[in-house]
Structures are given as structure tokens and as C-alpha cells.
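Novice: Sharing a structure here in C-alpha cells format.
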Amino acid sequence: MPQPALIELKSVSKDYTIGDETLHALANVSLSIKPGEFIAITGPSGSGKSTLANIIGGLDKPDSGSVEVEGADLAKAGDRQLSVYRNKHIGFVFQAFNLQPTYTALENVMLPLVLAGAGGKERKARAQECLNDVGLADRMSHRPTQLSGGQRQRVSIARALANKPSIIIADEPTGNLDSAKGREIMTLLAGLNKQGITLIIITHDMEVAKQASRVLSIHDGAVKEGRS
Amino acid sequence: MKFTDIIIQALKNLKRQKLRSALTIFAVMIGATSVTIMLALVTGAQSFFVSQFSANGTLQQIAISSQTDLAKFDQGNNGGGSCDSCVKLTDALVTKIKAVPHVIGVARRVSGGSLESVTYNGTKLRLQQVEGYDANGILTNTMLAGRDIAEADKDGVITITSDYADKWGFKGHYSDLLNKPVQMLTRNGYSGVGATIALPPQQGPDGGGGGNDPQQQPPTTLTATIVGIVDGGDRGETVRAPLAWVNGMNTQRMYQMTDADRKAQDAANRACQNNHTPCQPGQPKMTLVSQDFLTQNGYNGFTAKVDDVKNAATTTAAIKKLGVGAADAQSLIKQQLQIFNIISLVLGGIGGIALLVAAIGVVNTMVMAILERTREIGVLRACGATRATIRSLFTIEASALGFLGGAAGVAAGYGLTLVANRIINAQLGGSGLAAHNIITLPLWLIASVIGIATLIGMLAGLYPAFRASRLNPIDALRYE
């Protein structure tokens with residue numbers, strides 16, 4: 001029996017208008033992602049990889065088509081529903097880390113828990129647990145400026161893990177790191193995938209894409225299975 | 001996101017930009033301080049006047065004037081019945097007023113303007129007017145020494161104001177003036193009680209019929225005994241005396257021929273002429289005639305007393321229906337408060353403008369904050385913040401600016417009122433009044449100033465917060 005899909009995109013299109021030009025970021029894309037998959041999305045810049053990830057992550061809405069996650073259509077969801085979805089089901093990891101510079105590592109990780117309305121003790125305990133999981137138990141009260149690039153990305157992964165998401169979307173997670181640190185981060189993310197979290201990584205680093213169980217490549221808004 | 005977390009977050013964000021937040025709060029503070037002082041001054045002055053009035057029972061009093069036009073109320077109150085649109089205040093009217101519900105008594109008032117000066121021990125001072133009133137306990141004075149005019153007092157008893165006592169050198173030992181005699185000099189033409197009216201010069205048999213020319217009457221000196229020294233307030237050149245005596249002073253007396261005597265004289269003259277006989281018609285017969293001021297003009301004013309302060313307004317209205325002018329102390333307090341109202345309008349204007357400018361400052365601060373934190377807003381959105389949460393965060397942050405400014409303004413206002421009270425107390429102390437802390441900061445005032453400042457902050461934050469909530473999270477995350 002085939003496993004039911006976690007994410008199901010049907011005829012998804014998204015256009016951007018820049019000046020007079022209309023850019024087809026996604027053109028009639030249909031794909032399905034099963035729970036626990038490790039997917040690498042590749043393609044040249046401007047090809048629509050980020051748009052695809054943002055639509056799956058509930059940060060953006062398609063112009064047409066449907067995005068079903070666990071039976072709910074994100075394309076029809078309102079701001080509150082999408083926000084709750086991002087908060088509970090998605091963990092974002094960014095190339096530029098996007099940590100709050102005035103917060104400590106612990107406070108940064110607590111952010112999604114605070115937004116979820118968790119109590120003071122609960123959020124602290126969970127944030128400590130997440131930082132422990134990414135190997136930063138001894139860096140909890142450090143501010144981002146006091147941490148190395150690799151450590152910062154670990155904090156950002158811990159933040160993505162805070163609300164025990166089913167999907168982690170990482171947009172070029174190793175883009176700002178040297179190759180050694182990048183490998184560490186990829187090992188960490190792959191480990192999370194082994195624990196059952198669906199992992200979607202946007203990258204143009206073939207070394208990174210190689211680790212994925214499935215590769216999707218995008219060219220001018222069209223998605224192809226496998227390496228291009 | 002929990003509301004307490006939103007507040008904590010907003011305060012943390014304010015702390016991040018200490019100087020900018022402090023400057024914005026300072027701007028709000030200036031406005032809040034002005035508004036605080038304005039409100040404190042108005043309420044303080046109001047309660048001061050009310051306490052002053054209630055101290056001597058004035059709140060229960062209704063001033064009744066012949067002048068029905070309230071704008072000219074004081075004119076009618078002092079000038080007797082000699083004005084347009086005036087009603088004569090008569091004893092018949094007193095009976096009617098006494099019949100009005102809640103009225104427990106009426107004191108009649110007459111002022112005499114025929115006196116020119118009052119002299120003690122050779123020191124002559126100007127005398128504006130003599131005030132006579134029923135000493136039935138309805139009109140009371142603040143006594144600084146001795147006693148008030150009593151019902152049993154006869155002609156020749158007066159109380160003087162502290163102004164006179166001070167000028168006669170009795171400051172600080174007013175009681176030494178009690179039972180001392182003073183001389184009050186009348187104006188030319190005075191023919192009231194105490195004046196000696198001479199028979200008009202004898203005239204020929206045909207020239208009879210004239211009488212005294214009142215203007216020819218020389219000034220008279222009236223002697224009086226001081227029984228008390230009162231706090232004169234703003235009417236320092238006043239002497240108070242029993243009603244009957246002042247009535248007597250206002251009476252005009254002169255020798256005149258009565259109509260009957262005139263006819264008899266004429267008949268005698270004619271008889272002499274007809275008889276062609278030497279005839280002596282005799283001297284014209286002169287009678288001393290009094291013209292009562294009251295019959296002609298009525299009383300200068302009445303003061304009615306109501307059983308309870310809360311009935312003052314309705315009773316005033318009921319008395320007005322009798323066709324006279326009437327005002328209770330509350331409306332007089334309103335007049336007294338006019339100067340404070342002007343000051344408060346000026347302060348209120350400054351405060352209003354300052355708060356408006358402060359509101360613009362809050363808008364500016366918040367718009368800046370949003371530009372700086374665009375990326376952070378993107379992260380918040382990615383981590384699950386709804387538009388509403390973002391909106392709340394910035395609205396609360398702006399409200400906090402208002403709240404802190406308002407609180408600082410109240411604190412500064414409090415400090416200024418302490419200083420102002422000291423100055424006012426010193427002034428009042430100098431004029432013999434007990435020291436009052438006129439300007440007060442009641443809790444409702446503190447709460448409403450802080451509330452208004454918070455509200456202004458919140459309103460100023462609405463637009464920036466709306467803008468922040470409308471940011472596209474993807475663009476915000478890419479924002480450099």
C-alpha cells in the first residue's frame with residue numbers, strides 16, 4: 001500500500017511581475033511529498049525554488065492550484081490558519097540565520113514557543129532541550145555575535161525544532177558556511193530527517209543535494225524529478 | 001502569543017533604543033505635565049472655593065437680587081432698585097420667598113452709601129459703604145475678633161473689616177479695638193438719622209410753601225462702637241451695621257408744608273385780601289417729612305437659606321419664578337473660577353499642542369522602528385506570528401511610550417504643584433487666610449492623564465502597526 005502524501009501540490013502556479021515583465025516562478029506544478037522524505041530542490045537562481053519552498057512553508061500563497069498538507073488546503077487558508085501552520089508544523093532554517101541579535105541563543109529558540117503561547121517554564125525547558133540536541137548546551141546565554149557561523153546555524157536549527165515540526169524547510173542552510181561547517185550542519189539536518197522529520201532543502205550545492213533521498217530541479221517554474 | 005508576553009516584548013523593544021524612546025517619552029511628558037497642572041489647578045481651585053463657601057455656610061445661601069439679568073446681577077445686588085428691568089425687593093416678597101419649599105429663612109440687606117469716611121483716634125479712612133442686614137444668623141461673617149452684629153443691636157453698633165484694623169495699627173491684636181468708638185462722617189446733604197434738620201428760613205407771607213433744600217444740609221458725624229472685626233475679603237472698605245440703623249441713614253428728611261396746611265394758608269391769605277382789612281395770615285406751617293428709602297426703592301438684596309446644599313439649585317429656580325434674580329453659591333463659584341478657567345485654557349492649549357506633537361513623534365519613532373526591524377518582523381511571521389500579533393506588538397509598544405510619558409508627566413506635574421502650593425500658601429498666609437494646599441492631584445486625575453497619554457500613544461501607533469502587519473513576510477526576510 002503506498003504511503004499517503006504529507007504534502008500534495010496540484011497545478012500550482014505563481015507569477016511575479018517585476019516592472020513590465022511577468023516572471024513565471026511556478027508554472028502548473030504538481031507534486032507530492034511523503035512523510036519522512038529528504039528532498040533537495042535545486043535550480044539556478046530565479047528559477048522558483050524559493051517560491052516553491054515558501055508555498056510549502058505557508059509563507060506565500062499560489063495564484064492558482066491547491067496545496068494540501070494533511071488534508072488542509074493552504075491556498076485557501078487565512079492568515080491565522082497559515083500562521084498556526086507555520087508555528088506548529090514548519091521549521092524554517094535560513095541561509096542568513098536570521099537570529100535576533102539582541103537575544104541570547106536560548107531566547108532565540110524560545111521565540112516560536114512564545115508565539116505559540118507556551119508558559120515560561122515549559123518554553124525554557126523545551127528551548128534548552130533543542131539547544132542540547134544541536135550540541136549547544138554550553139552556549140545558551142551567548143548572543144549571536146558571540147557565536148561562530150556554524151553555531152549560529154545550529155541555534156537557528158534549534159529554533160526550527162522548538163515546536164516539534166513535521167517539516168523543516170532549509171533555504172541554502174550551508175550557503176554562509178565553510179565546507180567543514182557546512183558538512184556538520186548537513187549531518188545534523190540529516191540526523192533530524194532520520195528521526196522522522198520531513199526535510200526540504202533548497203540548494204545549488206551538488207554535495208548537499210547528493211545526500212537527499214529525492215531531488216527536484218526547477219527550471220523556469222517547471223519541476224523535474226531527479227538531477228537536471 | 002500571550003498578552004503579557006506581548007507587553008514584555010514591547011518594553012524590551014523600547015529598551016533597545018534607549019535614547020530614542022526616552023526622547024519620545026519626554027515629548028509625551030511635556031504635554032502630560034501641562035494637562036496635569038491644568039486639571040489640578042481647575043479642580044483644586046474649585047474645591048478650594050467650595051470649601052471656603054461651605055465653611056461659612058455660603059453653599060446653603062441663595063443671593064436674591066432685584067436684577068433679574070444674571071449678567072448684571074452684581075450691579076442690581078449693590079445698587080438698590082434703581083435700574084431697568086429691576087424688581088422692587090419688598091417685605092411682601094420676603095413672605096413669598098419664605099413660603100418657597102426648602103427655604104428656612106431670609107435675611108434682608110440694605111447698603112448705605114451716604115457715609116464718606118470713618119475715623120478712629122484721628123486717623124480718617126475712606127468708607128465705601130455701610131452694609132445693614134438682618135442679624136438672624138443667615139448672613140454670617142468670618143470673625144477675626146469680637147462678635148458679629150446681633151439681633152438685639154441698636155443704632156451705633158458696627159463691625160469693621162480687618163483692612164481698617166490693620167490701617168489703624170491693630171494688626172495682630174485686633175481685640176484691642178473692641179468697644180472703641182469711631183466717628184463716621186456723612187456726605188453733604190445727609191438728612192438721615194442723627195442729622196439735625198433745621199427749619200427753613202422764615203419767608204414772607206406770600207413766598208411760603210418751599211421747604212429745606214436737602215443739598216444744603218451740612219455733613220453729620222455719626223458715632224459708633226466697634227463690636228467685632230471681620231474678614232472683609234475683597235470688600236475691605238465696608239462697615240457692617242444693624243439693618244434698622246442703615247435704613248435710618250438712608251431716610252431723607254426735610255421740612256415741608258403738608259397739603260392741608262398749604263390749603264389753610266392759601267385760604268387765610270385769600271380771606272385777608274377779600275376783607276381788605278389788615279390781616280396777619282401767620283407764618284407757613286412746616287412739618288418734618290421723611291422719605292423712606294425702602295418704600296421708594298426696596299431692599300438692596302435678600303439672602304435666603306435652604307435646608308440642604310443639594311436643594312440649592314432647585315430652590316434658586318423656584319425663587320426666580322417669583323420674578324427676582326437669584327443665584328446660589330455654585331453659580332457664584334463659577335464666576336470666581338473664571339480666571340482659573342482662562343489659565344487652564346492656556347495650559348490646556350499648550351498641553352494639547354504638545355500632545356499632538358508628541359503623537360507625531362510616536363508615529364515617527366514607530367515608523368523608524370519598523371524599518372529597522374523589518375527582517376525581525378519577517379522572522380516573527382515565519383515562526384508563526386499572525387498579522388494581529390505583529391499589530392499588537394507595535395500598538396502596545398506605542399501605547400507604552402504614551403503610558404511612560406503620561407506617568408512621567410504626572411510625576412513632573414506633582415512636583416510642580418508642590419512648588420505652586422508653597423507659593424500660593426505663602427500668598428494666602430500673607431492675607432490672613434489659613435494655608436491651604438489649593439492644587440491637589442486626585443487619583444482620578446492621575447489615572448485619566450496617564451490613560452489619555454496611553455490612548456494617544458496607542459492611536460499614534462495604529463498606522464505604523466498596521467503597516468508592520470501588512471509587510472509581506474518573504475520581502476521582510478530578504479530586507480537588508
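Novice: So what's Rg/Rh here for chain B, counting alpha carbon atoms and using the Kirkwood radius for Rh? Please list the in-between numbers first.
Specialist: Values: Rg = 36.4 Å, Rh = 28.6 Å.
Result: Rg/Rh = 1.27.
Novice: When only C-alpha pairs under 8 Å and at least 6 residues apart count, what is the relative contact order of chain A, in percent?
Specialist: Working: 447 pairs, mean separation 65.3, N = 228.
Taking the mean separation of contacting Cα pairs over the length of chain A, I get 29 percent.
Novice: Starting from the alpha-carbon convex hull of region A:181-228, give the projected area averaged over all orientations, in nm². Can you show the working numbers first?
Specialist: Values: hull surface 14.2 nm².
Average projection, Cα convex hull of region A:181-228: 3.6 nm².
Novice: Run the numbers on chain B and let me know its relative contact order in percent, using alpha-carbon pairs under 8 Å that are six or more apart.
Specialist: Numbers: 896 pairs, mean separation 132.1, N = 480.
RCO, chain B: 28 percent.
Novice: Which order do peptides A:37-43, B:7-13, A:125-131 fall in by mean Cβ count within 10 Å, highest first? Let's see the in-between values first.
Specialist: On the way: A:37-43: 22.9, B:7-13: 16.4, A:125-131: 20.4.
Per-residue Cβ counts within 10 Å, averaged per peptide and sorted highest first, yield A:37-43, A:125-131, B:7-13.
Novice: If you don't mind, another one. Total Å² of accessible surface buried at the B-A contact, 1.4 Å probe, nearest 100? Don't skip to the end; give the middle numbers.
Specialist: Numbers: alone 24190 and 11090 Å², together 33220 Å².
Roughly 2100 Å² of accessible surface disappears when B and A pair.
Novice: Which helices pass in chain B if a helix is a full DSSP H run, must span at least 27 angstrom along its long axis by Cα, and must have mean Kyte-Doolittle hydropathy not below 0.5? Please report the intermediate quantities before stating the final value.
Specialist: Details: long enough: B:18-55 (51 Å, 1.27); B:338-372 (50 Å, 1.94); B:387-430 (63 Å, 0.80); B:443-470 (40 Å, 1.38).
Sorted by number, the helices that extend far enough and score high enough are B:18-55, B:338-372, B:387-430, B:443-470.
Novice: Could you bin all the Cα-Cα distances of chain A into 5 Å bins starting at 0 and give me the percent of pairs in each, rounded to whole numbers?
Specialist: Per 5 Å bin, starting at zero, the Cα-Cα P(r) for chain A comes out as 1, 7, 14, 18, 19, 16, 12, 8, 3, 1, 0 percent.
Novice: Express the Stokes-Einstein translational diffusion coefficient of region A:119-211 in µm² s⁻¹, to the nearest whole number, given a Kirkwood radius over alpha-carbon pairs, 10 °C and a viscosity of 1.306 mPa s.
Specialist: Values: Rh = 13.8 Å.
Diffusion coefficient, whole number: 115 µm²/s.
Novice: Leaving out ligands, DNA and RNA but keeping every protein chain, what accessible area does B:Val193 have, in Å² rounded to the nearest 10, with a 1.4 Å probe?
Specialist: For B:Val193, the solvent-accessible surface is approximately 50 Å².
Novice: Further question: Let me know the charge dipole size of region B:98-188 about its Cα centre in debye, to the nearest 20, where only the beta-carbon of Lys, Arg (+1) and Asp, Glu (-1) is charged. Display every interim value, and only then the final one.
Specialist: Values: 11 positive and 10 negative charges, 35 e Å.
Magnitude of the dipole: close to 160 debye.
Novice: Mind jotting down the distance between the C-alpha centroids of region A:181-208 and region A:31-101, whole Å?
Specialist: Their Cα centres are 17 Å away from one another.
Novice: Can you give me the % of accessible surface on chain B that is carbon or sulfur? Probe 1.4 Å, all protein chains present, nothing else counted.
Specialist: Numbers: 13590 of 23150 Å².
Carbon and sulfur together cover 59 percent of it.
Novice: Also: Using only protein heavy atoms and a 1.4 Å probe, report how much of B:Thr123 is accessible, in Å² to the nearest 10.
Specialist: My reading of the accessible area for B:Thr123 is about 60 Å².
Novice: Still on this structure, please answer the following. Using the Cα centre of chain A as the reference point, and only Cβ charges (+1 on K/R, -1 on D/E), how large is the resulting charge dipole? Debye, rounded to the nearest 20.
Specialist: Details: 26 positive and 24 negative charges, 162 e Å.
Charge dipole, chain A, about its Cα centre: 780 debye, nearest 20.
Novice: Tell me the Kirkwood radius of the protein assembly as shown: reciprocal of the mean inverse pair distance over distinct alpha-carbon atoms, in Å.
Specialist: On the way: mean 1/r = 0.0292 Å⁻¹.
Kirkwood hydrodynamic radius for the protein assembly as shown: 34.3 Å.
Novice: Taking H as built 1.01 Å from N, whose amide H comes closer than 5 Å to the amide H of A:Ile41, not counting residues under 5 places away?
Specialist: Excluding prolines and chain starts, which carry no amide H, the hits are A:Ile201, A:Ile202, A:Thr203, A:Leu216.
Novice: What is the magnitude of the charge dipole of the protein assembly as shown about its Cα centre, with +1 placed on the Cβ of each Lys and Arg, -1 on the Cβ of each Asp and Glu, and no other charges, expressed in debye to the nearest 20? Don't skip to the end; give the middle numbers.
Specialist: Numbers: 67 positive and 56 negative charges, 329 e Å.
The dipole magnitude comes to about 1580 debye.
Novice: So who's got an amide H within less than 5 Å of the one on B:Ser117, skipping anything under 5 residues away but keeping other chains? H placed 1.01 Å off N, in plane.
Specialist: Amide H to amide H, under 5 Å and 5 or more residues apart or across chains, B:Ser117 pairs with B:Leu127, B:Leu185.
Novice: Could you give the alpha-carbon Rg of region B:111-297 over 2.2 N^0.38 Å, rounded to two decimals? Intermediate results must be reported in sequence, preceding the final value.
Specialist: Details: Rg = 22.2 Å, N = 187, 2.2 N^0.38 = 16.1 Å.
Scaled against compact globular proteins, the figure is 1.38.
The values are calculated or read from the model by the stated rules, or taken from the named source; none is laboratory data. Please read all numbers here as calculations on a predicted model, not as lab measurements. Reconstructed Cβ throughout: ideal geometry from the backbone, glycine too, with neighbour counts over all protein chains shown. Calculation scope for accessible area: heavy atoms of the full protein, side chains included, ligands and nucleic acids excluded. Shrake-Rupley method; radii C 1.70, N 1.55, O 1.52, S 1.80 Å.
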